């Protein structure tokens, strides 16, 4: 009787809480461990496939690096060409213009007097014609304005005047000519626009004014 009581007391602590037995055995230790000598074996076909994949990846990498370097060289070339175009784009025009400038310098060296005045004038006219030819060669054209209907795309109105020489709303005088480069207006013309003259007062009104 006392032995049974002692065993029962051993199952509880002094506070009356039941003490569970602990199993020190580790379940993981009971699982079979792989043998260090085990090696994953691949078939020769799989090995060949992996080798081809590795070679393809290496080839694609080289192609990518080549294309990237080629594109970088192309980008640098485009940037340089654009910079040169901005810097030297007017070279051909200026070479032609220098020919006209030479003629002007030669004209200025002429001793102008009553005997050489006509020769000087003819030289200036020839030089102006040569300059006009060079402008046309490089795509610069004059836009005719005198007598044309006023167009804000081509004309800049400085003032208006009463006249019957041209219809109202048309250009009566041109102070500066308009020019375009190919299809783009690079300078509008400065013009005077015609308007209808003011009509005189009726004769009856003038008579009544005189009587008063």
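Please treat every number below as a calculation from the coordinates, not as lab data. Quick caveat, the model's predicted, so the values are computed rather than measured. In this analysis, Cβ positions are derived from the backbone assuming ideal geometry, glycine residues included, and neighbour counts consider all displayed protein chains.
Can you grab the distance from the C-alpha centre of the stretch 165-200 to the C-alpha centre of the stretch 80-102, Å, no decimals? The distance from the Cα centre of the stretch 165-200 to that of the stretch 80-102 comes to 33 Å. Annotation: average projected area of the stretch 139-199 is 3.7 square nanometres, based on the convex hull of Cα atoms across all directions. Principal semi-axes of the equivalent ellipsoid, √(5λ) from the alpha carbon gyration tensor of the stretch 41-157, are 70, 22, 9 Å from largest down. Label-to-label distance, residue 159 versus residue 118, with points set 7 angstrom from Cα along the beta-carbon direction: 3.9 nm. Can you give the log10 of the normalised intensity I(q)/I(0) at q = 0.32 Å⁻¹, computed with Debye over equal Cα scatterers of the stretch 77-121? For the requested q values the scattering log ratios are -1.01.
Going by C-beta contacts inside 10 Å, put 170, 155, 182 in order with the fewest on the left.
Least crowded to most crowded, the residues run 182, 170, 155.
When 116, 198 are arranged by Cβ crowding within 10 Å, least crowded first, meaning fewest neighbours, the order is 198, 116. Subtracting the Cα-Cα distance of residue 77 and residue 130 from their residue separation scaled by 0.36 nm leaves 15.3 nm.
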